Amino acid sequence: MRAVFALFLLIMLGAARDPILVPEVSQHEIQVQQGFTGTELLLFGAILDPSGTRAGRDYDIVVVLKGPTQAVRLREKQKIAGIWINADSTALRSAPSFFAVASSRPIDKIVDDRTAAIYELGLNWLQLSPIGAIDPKEQARFSAGLVDLRQREGLFSEHSDGVVVSEQVLYQARINLPSSVQTGTYTAETFAITKGRVIASATAKVEVRKIGFERFVAQFAEQQSLFYGLLVVAFSVGMGWLAGRLFALI
């Protein structure tokens with residue numbers, strides 16, 4: 001009798017376990033070369049019960065694609081006597097070079113602010129780390145300025161209906177990467193959420209790298225920065241001299 005009860009308890013515990021996310025991306029490597037105009041990345045997958053069957057409950061999906069982080073210095077311009085000059089500035093220790101969020105519904109309809117902040121589920125909850133002490137209101141102003149700038153550049157985006165869920169098993173989301181994306185490792189995080197709680201998460205990696213002549217130039221600029229700078233200056237002077245000669249002949 002005890003053996004039967006123990007077996008029943010194990011079955012019930014197994015059934016109560018959270019479901020499993022099985023994510024995938026259409027491209028694990030994106031090659032940037034001359035003429036690259038951007039690309040569309042498809043993130044898709046399934047959510048399964050530990051037994052391998054469908055999860056059997058309603059859930060929302062949020063996908064977060066984040067690019068390599070970098071240190072950023074932000075400067076605020078002010079117009080004084082008709083002239084725009086640099087005013088206040090701040091430095092951020094780590095800001096993503098690319099940040100895109102797609103969800104099956106608006107984020108505020110899926111989770112509360114605290115959960116959204118923990119998992120960075122949206123531009124409003126993007127965690128930017130300032131260097132040194134800074135007034136919270138000033139930090140919020142600079143952060144909003146960075147988000148607005150990169151939204152206009154196509155590097156930050158948020159789509160409240162960007163994830164399509166089919167039969168509560170399959171999901172897919174499409175995220176555009178512009179031609180100006182930086183190279184490096186991109187992280188695609190997928191979250192399954194029900195009743196305001198993250199019940200499963202999974203991560204996939206995407207490599208963005210330059211190939212061909214662009215890769216050679218990038219490597220040369222990084223490894224031989226002094227010679228690269230001298231060549232750029234010499235090339236600029238040469239082009240200026242050539243342009244002057246051509247105009248003189250006209």
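The values are calculated or read from the model by the stated rules, or taken from the named source; none is laboratory data. What you see is a predicted model, and the numbers here were worked out from it, not measured in a lab. FYI the Cβ positions are ideal-geometry reconstructions off the backbone, even for glycines, and counts take in every protein chain you see. Keep in mind that these areas ignore ligands, DNA and RNA; they rest on the heavy atoms of the full protein, side chains included. Shrake-Rupley method; radii C 1.70, N 1.55, O 1.52, S 1.80 Å.
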(message) Residues that are exposed (fewer than 15 other Cβ atoms within 10 Å of the Cβ), touching a strand residue (DSSP E or B) at 6+ places or on another chain (Cβ under 9 Å) and farther than 22 Å from Pro23 by Cα: does region 198-208 have at least one?
(response) no
(request) Tell me which of these Asp108 doesn't satisfy, since it passes every other one: (1) closer than 13 Å to Asp60 by Cβ; (2) in contact (Cβ under 8 Å) with a residue 40 or more places away in the chain; (3) open to solvent by 30 Å² or more (accessible area, probe 1.4 Å). (result) (2)
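Being touching a Lys or Arg at 6+ places or on another chain (Cβ under 8 Å) and of a type outside the set (A, V, I, L, M) is the filter here; which residues of region 150-183 pass it?
Applying the first criterion (touching a Lys or Arg at 6+ places or on another chain (Cβ under 8 Å)) to region 150-183 yields 156, 160-162, 167-169, 183.
Passing the criteria: Phe156, Ser160, Asp161, Gly162, Glu167, Gln168, Thr183.
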(request) State all residues of region 125-158 that are open to solvent by 60 Å² or more (accessible area, probe 1.4 Å) and within 14 Å of the chain's Cα centre (by Cα); if no residue qualifies, say none. (result) Gln127, Gln151, Glu153, Glu158
(request) Go through (1) exposed (fewer than 14 other Cβ atoms within 10 Å of the Cβ); (2) within 21 Å of Val62 (Cβ to Cβ); (3) among the hydroxyl-bearing types (Ser, Thr, Tyr) and name the single condition Ser179 misses. (result) (2)
(message) Return the pair list, or none, for Cβ contacts closer than 7 Å from residues in region 147-174 that are small (Gly, Ala, Ser) to residues that are surrounded by fewer than 19 Cβ atoms within 10 Å (Cβ to Cβ), at least 6 apart or on different chains.
(response) Gly154/Pro178; Ser157/Gln151; Ser160/Arg105; Ser160/Pro106
(message) I want to confirm something. Restricting to region 85-109 and keeping residues that are closer than 18 Å to Asn176 by Cβ and in a strand (DSSP E or B), which single residue is modelled with the lowest pLDDT?
(response) Pro96
(request) Working only within region 22-40, note down all residues that are at positive phi and either loosely packed, with under 10 Cβ neighbours inside 10 Å or not in a loop (DSSP other than H, G, I, E, B) (or both). (result) Gly35
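Being touching a Leu at 6+ places or on another chain (Cβ under 7 Å) and aliphatic (A, V, I, L, M) is the filter; apply it to region 132-147 and report the residue that is farthest from Ile61 (Cα to Cα). Can you show your working first?
Step one: list which residues in region 132-147 are touching a Leu at 6+ places or on another chain (Cβ under 7 Å), which gives 142-143, 145-147.
Subsequent filtering for residues that are aliphatic (A, V, I, L, M) retains 146-147.
Values: Leu146: 27, Val147: 23 Å.
Only one residue fits best here, namely Leu146.
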(request) Would you mind finding the one in Ile118, Ile175 that is within 20 Å of Ala46 (Cα to Cα) and assigned by the TED database to the domain that holds Gln31? (result) Ile175
(message) I'd like the full set of residues that are under 15 Å from Leu170 (Cβ atoms), at pLDDT 80 or above and not aromatic (Phe, Trp, Tyr), limited to region 48-84.
(response) Leu48, Asp60, Ile61, Val63
(request) Check off (1) hydroxyl-bearing (Ser, Thr, Tyr); (2) farther than 24 Å from Leu42 by Cα; (3) open to solvent by 20 Å² or more (accessible area, probe 1.4 Å) for Thr90 and give me the number that stays unchecked. (result) (3)
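Listed here are the residues, each with its yes/no results for (1) at pLDDT below 90; (2) of a type outside the set (A, V, I, L, M).
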residue: Val111; (1), (2): no, no
residue: Gly122; (1), (2): no, yes
residue: Trp125; (1), (2): no, yes
residue: Gln139; (1), (2): yes, yes
